[in-house]
Amino acid sequence: MIARRHALALIAPLALVLTGFFLVPVLMLLPTSFGEYIPGSGLAKGVWTLENYLRIVADDYYREVIWRTLGLGLSVTLACLLLGYPLAYLIARGPDHWRVPLILLVVFPMMLNLVVRSFGWIALLTNRGLVNNLLMQLGLIAQPLKLMFNLTGLMIGLTHIYLPFMVLMLVAAIRNVPRDVEAAAATLGSSRMHVFAAVTLPLSAPGILAGSILVFVLTISALVTPRMLGGPTYKVMATLIYDEYMQLLDWPSGSALSFALTLMAVSIIWASSRLTRRWAGMA
Amino acid sequence: MSGAGMNGAGMNGDLERGPGRAITALALGVVVFLQIPVIVVVLAAFSTTSYLTIPPQGLTLAWFGKVLTDPTYLAAIRMSLLLAVGSTLVSLVLGVAAAYALFRKALPGAEAITALLMAPLVLPAVVIGVALLQFYSLTGLRGSLAGLLLAHVVITVPYVVRSALASLSGLDGAVEEAARVLGASGPEAFRLVTLPLILPGLVAGALFSFITSLDNVPVTIFLISASQTTLPVLIFSSVEMGIDPSVAAVSTLLILATGLILLLAERRFGFHRFV
């Protein structure tokens, strides 16, 4: 045990930094989000309005961007799950000497700079990019396919970027499934497919949930990849916030959107932790 | 459960052989998918044409020469390294101290404090970015190096705290007590006994912190001044003007550095255990 005043002295510097440079700045966005924006001069003094929040629910364009963001979150999560599970299964249950090299090959792109990875996808997907060049050389298409500045581009790029997170979560979950239970089911005459469907898959469900929540929240929060692959026109919530602040200078609107995005992320994390706790209670 | 049971071909040998051929092929396909943009960027960096063809039409090192003599790139690289090293060091000192206090359970409300320390991971980075933009505009910190450094501490410190807490929780508290009984002072016991034991975990946390700082665009882009920019922000903004092979070259340098760091961390500390 260390004395309480020593503990306070140890924790105070970080607590102060986080309060001053994270908590307070985020809370200070709140009054801004109820302010009124006057084009050209900024914030109106002494005016309080719900307009910025109402617009998010009422305005067609904002609604479209929000649905697009959520839809993108769902489809990227699903794609990561479908692509990630076989790989995670191979890492967890495959040959022992494959495990470390495979994990490193998953971690390497994850640690690589995000702008570099997104740049790689631009080089692949743009009109004169590698994919279109290849398909045209093979004579499969006459006109370049539109693979960027739309849902296709964002799906491919974001799936690639968040797949490693999903794989690592699933590896941990599958490794937690006791082999004895799988072996018992097999001994009792289950086929390999059936063992997987009846034992491995349900027992790795907490990992599936955790990985899905993580990928979903990261996807709806993403700024860099949607901006690089979606361009200035195909917007999601994060890039819309970016433009409200940097191009339109409409801070009230941008901060209301920021809180909407934060609310989505936090409530999804909260709901999933409730769900996990209930699952743990049932076991 | 590994080793001995793996090789036996008992009545459930089918299961113990692990994933079937189809799953293995699919999984290896996904591994290739993960490396594709990396390979493409490296190929583009050595290509003589400004757009990519397969096979490349000619090889050149010219783009690397262009990057390494371009003052804008060099300044951005210097700025990025300065921020990454600086914020990681600050995060290490503040984060390990805080984690140690939490681990020793000497404080009330530890759960709330931990939540505050981890909160920057939960909030969308772009929200932290705009919050600091407004805050720095009001306080006159916008464009200052100190402001940028503290912003990077906010986004990197959760990684240090998390790995420090994980390493400490795997520790037998009695070891440090023993050192105290044998006459070591509190700080001595920490430095000579606890610190060496949690070092591999801290290295992993520091590495995550370093890479997070080096990677960051969504917070940094709101806070930099016109004269100082970081490497990822520079790449991010130059891509809007079109693909330039010098971007591929500087990206290839980053790929090389990341690969080397990862291999070194794996060799020295068995990094894969910490991801």
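The values are calculated or read from the model by the stated rules, or taken from the named source; none is laboratory data. The structure presented is a predicted model; accordingly, all values stated were derived computationally and were not measured. Cβ: placed from backbone, ideal geometry, glycine included. Neighbour counts: every protein chain shown.
Before we move on, is B:V217 in contact (Cβ under 8 Å) with a residue 12 or more places away in the chain, out of contact with any Lys or Arg (no Cβ under 8 Å at 6 or more places or on another chain), buried (at least 24 other Cβ atoms within 10 Å of the Cβ) and closer than 24 Å to A:Y242 by Cα? Don't jump to the end; show me each part of the working.
On the way: in contact (Cβ under 8 Å) with a residue 12 or more places away in the chain: yes; out of contact with any Lys or Arg (no Cβ under 8 Å at 6 or more places or on another chain): yes; buried (at least 24 other Cβ atoms within 10 Å of the Cβ): yes; closer than 24 Å to A:Y242 by Cα: yes.
The answer is yes for B:V217.
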**OP:** Go through (1) surrounded by fewer than 21 Cβ atoms within 10 Å (Cβ to Cβ); (2) more than 10 Å from every other protein chain (Cβ to nearest Cβ) and name the single condition A:M148 misses.
**Re:** (1)
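Conditions tested, residue by residue: (1) basic (K, R); (2) in contact with a strand residue (DSSP E or B) (Cβ under 9 Å, 6 or more places away or on another chain); (3) free of Cβ contacts under 8 Å to residues at least 24 places away in the same chain; (4) assigned by TED's automatic domain parsing to the domain that holds B:T194.
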position	(1), (2), (3), (4)
B:R104	yes, no, yes, yes
B:L117	no, no, no, yes
B:L138	no, no, yes, yes
B:G143	no, no, no, yes
Subject >> Test: residue in region B:84-105 that is within 26 Å of B:P245 (Cα to Cα) and modelled with pLDDT of 95 or more >> reply: yes
Subject >> In region A:204-263, the residues that are closer than 24 Å to A:W279 by Cβ, free of Cβ contacts under 8 Å to residues at least 40 places away in the same chain and part of a helix (DSSP H, G or I) >> reply: A:G207
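Please work out which residue is farthest from the chain's Cα centre (by Cα), limiting yourself to region B:119-137 and to residues that are surrounded by fewer than 16 Cβ atoms within 10 Å (Cβ to Cβ) and hydrophobic (A, V, I, L, M, F, W, C). Explain how you work it out, then say what you get.
Keep residues of region B:119-137 that are surrounded by fewer than 16 Cβ atoms within 10 Å (Cβ to Cβ), which gives B:121-122, B:137.
From what is left, the residues that are hydrophobic (A, V, I, L, M, F, W, C) are B:121-122.
Working: B:L121: 13, B:V122: 16 Å.
Checking each candidate, the answer is B:V122.
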Original post:
Within region A:1-51, can you find the residues that are in contact with a strand residue (DSSP E or B) (Cβ under 8 Å, 6 or more places away or on another chain) and part of a helix (DSSP H, G or I)?
Top reply: A:T32
**OP:** Considering every residue within region B:166-188, establish whether at least one is touching a residue at least 40 places away in the same chain (Cβ under 8 Å), farther than 25 Å from A:I268 by Cβ and either crowded, with 21+ Cβ neighbours inside 10 Å or more than 26 Å from the chain's Cα centre (by Cα) (or both).
**Re:** no
Subject >> Residue ID - nearest to B:A257 (Cα to Cα), chosen from residues in region B:69-114 that are more than 9 Å from every other protein chain (Cβ to nearest Cβ) and aromatic (F, W, Y) >> reply: B:Y73
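Could you list, in sequence order, all residues of region A:4-48 that are charged (D, E, K, R) and within 11 Å of chain B (Cβ to nearest Cβ)?
Of all residues in region A:4-48, those charged (D, E, K, R) come to A:4-5, A:36, A:45.
Of everything in region A:4-48, those that are charged (D, E, K, R) and within 11 Å of chain B (Cβ to nearest Cβ) turn out to be A:R4, A:R5.
Residues checked against (1) part of a helix (DSSP H, G or I); (2) free of Cβ contacts under 8 Å to residues at least 60 places away in the same chain; (3) touching a His at 6+ places or on another chain (Cβ under 7 Å); (4) surrounded by fewer than 22 Cβ atoms within 10 Å (Cβ to Cβ):
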{"position": "B:S225", "(1), (2), (3), (4)": "no, no, no, yes"}
{"position": "B:V250", "(1), (2), (3), (4)": "yes, no, no, no"}
{"position": "B:L253", "(1), (2), (3), (4)": "yes, no, no, yes"}
{"position": "B:L256", "(1), (2), (3), (4)": "yes, yes, no, yes"}
Original post:
If you check A:V24 against the conditions, is it β-branched (V, I, T), over 23 Å from B:V154 (Cα atoms) and loosely packed, with under 13 Cβ neighbours inside 10 Å?
Top reply: no
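Going by what's in this entry, would B:S209 be described as within 28 Å of B:A151 (Cβ to Cβ), of a type in the set (S, T, N, Q) and at pLDDT 90 or above? Steps first, please.
Values: within 28 Å of B:A151 (Cβ to Cβ): yes; of a type in the set (S, T, N, Q): yes; at pLDDT 90 or above: yes.
Taking the combined requirement at face value, the residue satisfies it.
Can you list the helices (runs of 4 or more DSSP H) found entirely within region A:109-199 that contain at least 3 residues being farther than 26 Å from B:P245 by Cα? Walk me through how you get there before you give the answer.
Values: elements: A:114-125, A:130-137, A:151-176, A:179-187, A:192-195.
Output list reads A:151-176, A:179-187, A:192-195.
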Original post:
Would region B:109-119 turn up any residue that is at pLDDT 95 or above and among the hydrophobic types (A, V, I, L, M, F, W, C)?
Top reply: no
Original post:
Could you list, in sequence order, the residues of region B:1-55 that are at pLDDT 85 or above and polar (S, T, N, Q)?
Top reply: B:T24, B:Q35
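Out of all the residues in region A:179-195, is one or more touching a Cys at 6+ places or on another chain (Cβ under 7 Å) and facing another protein chain (nearest Cβ under 7 Å)? Outline the logic, then answer.
Applying the first criterion (touching a Cys at 6+ places or on another chain (Cβ under 7 Å)) to region A:179-195 yields none.
Among the residues of region A:179-195, not one is touching a Cys at 6+ places or on another chain (Cβ under 7 Å) and facing another protein chain (nearest Cβ under 7 Å), which makes the answer no.
Can you tell which of B:R142, B:R162 is charged (D, E, K, R), more than 8 Å from every other protein chain (Cβ to nearest Cβ), farther than 23 Å from B:L82 by Cα and out of contact with any His (no Cβ under 8 Å at 6 or more places or on another chain)? Give the derivation first.
Working: B:R142 fails: farther than 23 Å from B:L82 by Cα.
None of the other options fit; the residue is B:R162.
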Original post:
Among the numbered criteria (1) crowded, with 23+ Cβ neighbours inside 10 Å; (2) farther than 30 Å from B:I36 by Cα, which single criterion is violated by A:A123?
Top reply: (2)
Subject >> Criterion violated by B:F210 - all others in (1) within 12 Å of chain A (Cβ to nearest Cβ); (2) in a loop (DSSP other than H, G, I, E, B) satisfied >> reply: (2)
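Looking at the structure I just gave you, is A:V215 within 11 Å of another protein chain (Cβ to nearest Cβ), buried (at least 24 other Cβ atoms within 10 Å of the Cβ) and in contact with a helix residue (DSSP H, G or I) (Cβ under 8 Å, 6 or more places away or on another chain)?
No; evaluated as a whole, the condition is false for this residue.
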Original post:
So how many residues does region B:20-52 have that are more than 7 Å from every other protein chain (Cβ to nearest Cβ), more than 22 Å from the chain's Cα centre (by Cα) and closer than 23 Å to A:I161 by Cβ?
Top reply: 5
Original post:
When residues of region A:86-110 are filtered for being of a type outside the set (G, A, S), within 27 Å of B:T212 (Cβ to Cβ) and either surrounded by fewer than 15 Cβ atoms within 10 Å (Cβ to Cβ) or in contact (Cβ under 8 Å) with a residue 24 or more places away in the chain (or both), how many remain?
Top reply: 8
**OP:** Under 8 Å between Cβ atoms, at least 6 apart or on separate chains: pull out the pairs that start in region B:122-135 with a residue that is more than 7 Å from chain A (Cβ to nearest Cβ) and end on any residue that is hydroxyl-bearing (S, T, Y).
**Re:** B:G129/B:T220
